[in-house]
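This report refers to the structure that appears directly beneath it.
The values are calculated or read from the model by the stated rules, or taken from the named source; none is laboratory data. Everything numeric here is computed off the predicted structure, so don't read it as measured data. With ideal geometry, Cβ positions are generated from the backbone for all residues, glycine too; neighbour counts draw on all protein chains shown.
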């Protein structure tokens, strides 16, 4: 009996939306952050060790939470509502839409680890500049439990980190379908002329919408799978940082003489 060839999926997946700031540690830092409104300059705030610590950590908590939130912008591109009815009138072709989305996803997803290392540097007061916050320099100064979480994040980035390097540094491009060259040409003709007819490499009739949906669903699958893991890993990271932050913050607030209730431990 002849086997029926299994073609790539074209039915859209259910979207996974990333929570970016619902961890207790982030809420704690945001609540303490109102202390900044008691000062007219960073120089005055920095005279108080507890306030300075909260402010400095808060900057990088916000940066990491915002970076995670921007992954949801990628989700908006992978689940566009409404889907453009006519890509002839769209600013970019279907093929370029997927290329741009993949680039944004790779760059912002891979950089979550970089932002995490900068936050670790701030909470643990390691004294590295942002540019020097790389794992090979920091790994001997952070506890094994935290190091394991970072290594897990890097390991899960796996092939995507390699793809990021190939795309951004070596000029390689991702292929979105099994007949990517035909998709690229068909997408160009749809965008600039009246489309293209014929059959592709697989013998099927050229259908630019089908090509687009195959590539889109493959990106959706990567997005959902990767980001579900990322949320669990970030929660472990925040659990560790929360304990460390409180351990360092408590003696500072106990010794504070400024009388600002905003800094009191909850």
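Details
- Subset tally (residues that are in contact (Cβ under 8 Å) with a residue 40 or more places away in the chain and surrounded by fewer than 20 Cβ atoms within 10 Å (Cβ to Cβ)) for the stretch 100-111: 5
- Residue check for residue 154: more than 19 Å from the chain's Cα centre (by Cα) and either touching a residue at least 24 places away in the same chain (Cβ under 8 Å) or within 21 Å of residue 245 (Cα to Cα) (or both): no
- Any hit, the stretch 48-59, residues being in a loop (DSSP other than H, G, I, E, B) and either modelled with pLDDT under 95 or more than 21 Å from residue 121 (Cα to Cα) (or both): yes
- A residue that is crowded, with 21+ Cβ neighbours inside 10 Å and over 14 Å from residue 245 (Cβ atoms) cannot be found anywhere in the stretch 26-33.
- Residues (surrounded by fewer than 20 Cβ atoms within 10 Å (Cβ to Cβ) and either in contact with a helix residue (DSSP H, G or I) (Cβ under 6 Å, 6 or more places away or on another chain) or closer than 23 Å to residue 50 by Cα (or both)) located in the stretch 125-137: 125, 126, 127, 128, 129, 130
- Which listed residue is touching a residue at least 40 places away in the same chain (Cβ under 8 Å), surrounded by fewer than 15 Cβ atoms within 10 Å (Cβ to Cβ) and in contact with a helix residue (DSSP H, G or I) (Cβ under 7 Å, 6 or more places away or on another chain), from 66, 15: 15
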